[in-house]
Amino acid sequence: MPDLKLAKIPDRKPVKLQIEILPDLEAALADYAAAYAKAYNVHEKPAALIPYMLSSFIDGDREFAKLRKQEKPGS
């Protein structure tokens, strides 16, 4: 196997996840999409923003990152 500097790219096939949310959260997401459109002059549906919002939330949770690192084999 070649010793490339770039590691193998992980699976990037999207996984569909269906959730139910309360009306207040739906309204907040619509408001956020409107604020996003105003800030960047790009209109996105709330559903298109949600994966990035979740990633940002998880990436910003330092305690979760510590726990996750501890639970990985070989850590």
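A short reminder: the numbers here are calculations on the coordinates, not readings from a lab. Since we're looking at a predicted model, the values are computed, not measured. Neighbour counts run over all protein chains shown; Cβ positions are idealised from the backbone, glycine included.
Over 15 Å apart: what share of the alpha carbon pairs of region 1-44 falls there, rounded to a whole percent?
On the way: 647 of 946 pairs.
When every Cα pair of region 1-44 is considered, 68 percent fall beyond 15 Å.
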May I ask you to list the residues of region 4-18 whose amide nitrogen lies under 13 Å from a point 7 Å from Cα along the Cα→beta-carbon direction of Ser56? none
Inter-label distance, nm, simple model (7 Å from Cα along the C-beta direction), Glu44/Leu17: 1.6 nm
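Counting only helical runs of four or more DSSP H residues, what would the 222 nm mean residue ellipticity of the chain come to if each run contributes -39,500 (n - 2.57) and the total is spread over all its residues?
Values: 3 runs with 42 residues, N = 75.
Mean residue ellipticity, 222 nm, calculated: -18000 deg cm²/dmol.
Between Lys8 and Gln70, how high is the FRET efficiency from 1/(1 + (r/R0)^6) when r is the Cβ-Cβ distance and R₀ = 30 Å? Nearest 0.05.
On the way: r = 25 Å, r/R0 = 0.82.
My answer for the efficiency is 0.75.
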Which loop trypsin sites (Lys or Arg not before Pro) in region 16-75, with loop taken from DSSP, have no more than 15 other Cβ atoms within 10 angstrom of their Cβ? Lys16
Close Lys-Lys pairs in the chain, where close means Cα under 24 Å and separation is 8 or more or interchain: 10
With a cap of 14 neighbouring Cβ atoms within 10 Å, and only residues DSSP puts in a loop, list the GluC sites (Glu not before Pro) found in region 1-55. Glu20, Glu44
